[in-house]
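Okay, so here's the structure we're looking at.
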Amino acid sequence: MKKTIKDFNLKNKRVIIRCDFNVPIKDGKITDNTRIVKSLETIKYAIRHNAKVILMSHLGKVKTEDDKNKNDMRIVYNELVKLMKKKIKFVDNTRGREVEDACANLKNGQILLLQNTRYEDVDGNLESGCDLELAKYWASLGDIFINDAFGTIHRRHASNYGISKFLESGVGFLIEEELKSMLPAIENPDNPFVVILGGAKVSDKIKLIESLVTKADYILIGGGMCNTFLLSEGYNMGESLIDKDSIDFCKNILSKYSNKIILPIDFVVSDQFKDVSGNIKDISDISDNDIVMDIGPKSIEIFKKYIKDAEQIIWNGPMGVFEFKNYQNGTKAIARATAENLGITIVGGGDSISAIKMFRLEDKFSHISTGGGASLKLLEGGSLPGIENIEDIGEYNILKKKHL
Ligand code: AMP
C-alpha cells in the first residue's frame, strides 16, 4: 500500500500535484474532459486541507516549437477554472523566476498551474528523459509531492519518478483507487480466476499472457488475437488478421497450457473488412478469402459458462470488430455476462472501456481501469517507475465482491 495524500499534514505546505491532464484535443477544443474531472478529487482535498497547490502535467507530445502551440496548457487551464469554479493562477513557463515567484507567493487554498511539462522535451528531452537536475529544480518549488497521474506511472519521467526522488511523496486518490483495485486481484486472485483477452494483436499482450497464465485458471481468447493462436494449431484462418511474429509464442504457450487457454470454435466471417452482415462458420470451415470479424454463437456460450462460474474476472480487449454494428455481438455478450458476474470484475484497456460505454454497462463492474499502457503494465506485474520512490506502508485489502 503506497503512502497517500491522506498521510500528510498539508496545512501551509506547497504541494506539487502531478496530474494527468493529457486530454484529447481537436480543432483547438477538448473533446473529452474526463481526465481533468478525475483529477478534481485530489486537488479539492488539498485545498480543503489548506495546502498551496502547484499543478503539473504533460499534454501531448512536444518535440518542436510548433508542438508547443498545439499543446499549450492554457486550454486545460480554462477547463479547470470552469470545473473548479474558482480562480486559478497560471504561469506560461516550466521554470524560471516567474515560476519560482508564483510558487513562493501562493497562499493557503490557492492553486497554480504550470505550463506543459513536456515543453522541456524540445531542448534535450529533459522531461521524458528524466533529467534529474530538472526534477530537483521542480522539487525545490514544493514541500510535498503527490503523484496522481495514473496514465504515466509506467514511465520514468522527471515530473513523476524524478520529483519523487527529491521530495516526500505520496499518491493521489486516482492512483490509490487503481492500485487497491488491481494489485490484490493479481497478487492474490480469487479462484476460479478467469482472464478474457481480445483486441487486435498478440504481440501487445505477450507479457500479460505470460504473467497471468500461471495465476489464472482459464484464459479465454477472442478478438483478432485468437486468429494467430488457431493458425499456430494448423487451422486455415483465410484473410484474417494474423500476427506473424507471434506464431511461435502462441504454439509454445498452447503446448504448455492447453488446458487453460480456451479458444473460440466458431466465428462470424466476411469476405470484406466492412460493416456488412457476415456468415457464421465453424473453425474448420473457414475458407481462403474469409476474414474473422467476431466470435460466433457457440463460442459465446462456451465463454459465458466460464464467466458464470468465475469468482474473479479480468477483461482486456474486445472479442471482435465491435466498432462495426454487424460485429458487436461477441463483445456485447461477453461484456453483459461479465457485468452480471457477482465476483470481482475488472476491465482494463481503452477499447474494452469504449465497448462497455457503448453498451451502457459502465457502472456494472468492480473496477474499470482507465490507464491504457499503465493498466497493462500493472496487470503484467511490470515495473512502475512513476510510483517507485513512494513509500510502501502496508498491503492492500482484497476488493469486495458484488455479492458480499
Ligand atoms: P487492442 O487495442 O489491441 O485492444 O485492439 C482493439 C481493436 O481490435 C479494436 O479496434 C477491434 O476492432 C480490433 N479487433 C477485434 N477483433 C478483431 C478481429 N477479429 N479482426 C481485426 N481486428 C479486430
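Take region 267-302 and flag every residue that is open to solvent by 90 Å² or more (accessible area, probe 1.4 Å), part of a strand (DSSP E or B) and not β-branched (Val, Ile, Thr). Hit for region 267-302 is Asn279, nothing else.
Counting only residues that are within 13 Å of the ligand (Cβ to nearest atom) and charged (D, E, K, R), which one in region 205-256 is nearest to the chain's Cα centre (by Cα)? That would be Lys205.
With the requirement that a residue be outside any helix (DSSP H, G or I) and under 21 Å from Ser352 (Cβ atoms), what does region 223-259 give you? Talk me through it step by step, then tell me what you get.
Within region 223-259, the subset outside any helix (DSSP H, G or I) is 223-224, 233-243, 257-259.
The answer is Gly223, Gly224, Ser240, Leu241, Asp243.
Looking only at region 61-86, filter to residues that are touching a residue at least 12 places away in the same chain (Cβ under 8 Å) and among the basic types (Lys, Arg); which one of those is least open to solvent (accessible area, probe 1.4 Å)? Top of the filtered list is Lys68.
Filtering region 91-114 to residues that are surrounded by fewer than 19 Cβ atoms within 10 Å (Cβ to Cβ) and not in a loop (DSSP other than H, G, I, E, B) leaves Arg97, Glu98, Glu100, Asp101, Ala104.
Matching residues to (1) polar (S, T, N, Q); (2) over 19 Å from Gly349 (Cβ atoms); (3) modelled with pLDDT under 95:
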| residue | (1), (2), (3) |
| --- | --- |
| Ser164 | yes, yes, no |
| Leu174 | no, no, no |
| Met182 | no, no, yes |
| Pro192 | no, yes, no |
| Val195 | no, no, no |
| Ala200 | no, no, yes |
| Ile221 | no, no, no |
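Among the candidates Ile368, Ile344, Ile353, single out the residue that is touching an Asp or Glu at 6+ places or on another chain (Cβ under 9 Å), buried (at least 23 other Cβ atoms within 10 Å of the Cβ) and among the β-branched types (Val, Ile, Thr). Walk me through how you get there before you give the answer.
On the way: Ile368 fails: buried (at least 23 other Cβ atoms within 10 Å of the Cβ); Ile353 fails: buried (at least 23 other Cβ atoms within 10 Å of the Cβ).
Exactly one of Ile368, Ile344, Ile353 is touching an Asp or Glu at 6+ places or on another chain (Cβ under 9 Å), buried (at least 23 other Cβ atoms within 10 Å of the Cβ) and among the β-branched types (Val, Ile, Thr), namely Ile344.
When you check Lys260 against the structure, is it away from the ligand (no atom under 16 Å from the Cβ), under 16 Å from Ser203 (Cβ atoms) and among the basic types (Lys, Arg), yes or no? Taking the combined requirement at face value, the residue does not satisfy it. Only a single item in (1) of a type in the set (A, V, I, L, M, F, W, C); (2) touching a His at 6+ places or on another chain (Cβ under 6 Å); (3) more than 16 Å from the ligand (Cβ to nearest atom) is not met by Ile346, and it is number (3). The residue pairs whose first member lies in region 309-325 and is under 22 Å from Ser277 (Cα atoms) and within 14 Å of the ligand (Cβ to nearest atom), whose second member is of a type in the set (S, T, N, Q) and at pLDDT 95 or above, and whose beta carbons are closer than 7 Å, counting only pairs six or more residues apart or on different chains, are Pro318/Thr331; Met319/Thr331; Gly320/Thr331; Phe322/Gln328; Phe322/Thr331.
Here is a yes/no grid of residues against (1) in contact (Cβ under 8 Å) with a residue 60 or more places away in the chain; (2) under 30 Å from Lys6 (Cα atoms); (3) within 15 Å of the chain's Cα centre (by Cα); (4) open to solvent by 60 Å² or more (accessible area, probe 1.4 Å):
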| site | (1), (2), (3), (4) |
| --- | --- |
| Lys304 | no, no, no, yes |
| Asn329 | yes, no, no, yes |
| Glu340 | no, no, no, yes |
| Gly372 | yes, yes, yes, no |
| Asn397 | yes, yes, no, yes |
| Lys401 | yes, yes, no, no |
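Could you tell me whether region 292-308 includes any residue that is closer than 30 Å to Asp148 by Cα and near the ligand (Cβ under 10 Å from one of its atoms)? There is no residue in region 292-308 that is closer than 30 Å to Asp148 by Cα and near the ligand (Cβ under 10 Å from one of its atoms). Do we find that Phe229 is surrounded by 19 or more Cβ atoms within 10 Å (Cβ to Cβ) and in contact with an Asp or Glu (Cβ under 8 Å, 6 or more places away or on another chain) in this structure? The answer is no for Phe229. Checking each residue of region 204-217 against the condition of being farther than 21 Å from Pro318 by Cβ, modelled with pLDDT of 95 or more and in the same structural domain as Pro318 (by TED's automatic domain parsing) gives at least one match.
Of the residues making up region 144-156, those that are open to solvent by less than 10 Å² (accessible area, probe 1.4 Å) and within 18 Å of Leu132 (Cβ to Cβ) are Phe145, Asn147, Thr152.
Met182 meets all of the listed conditions (1) open to solvent by 10 Å² or more (accessible area, probe 1.4 Å); (2) more than 16 Å from the ligand (Cβ to nearest atom) but one, namely (1).
There is at least one residue in region 162-177 that is acidic (Asp, Glu), in the same structural domain as Arg35 (by TED's automatic domain parsing), farther than 21 Å from Gly373 by Cα and not in a helix (DSSP H, G or I).
The values are calculated or read from the model by the stated rules, or taken from the named source; none is laboratory data. Just so it is clear, the model here is predicted, and its values are computed rather than measured. Every residue, glycine among them, receives a Cβ derived from its backbone with ideal geometry; neighbour counts consider all protein chains shown. Accessible surface is based on the protein model in full, side chains and every heavy atom, while ligands, DNA and RNA are left aside. Shrake-Rupley method; radii C 1.70, N 1.55, O 1.52, S 1.80 Å.
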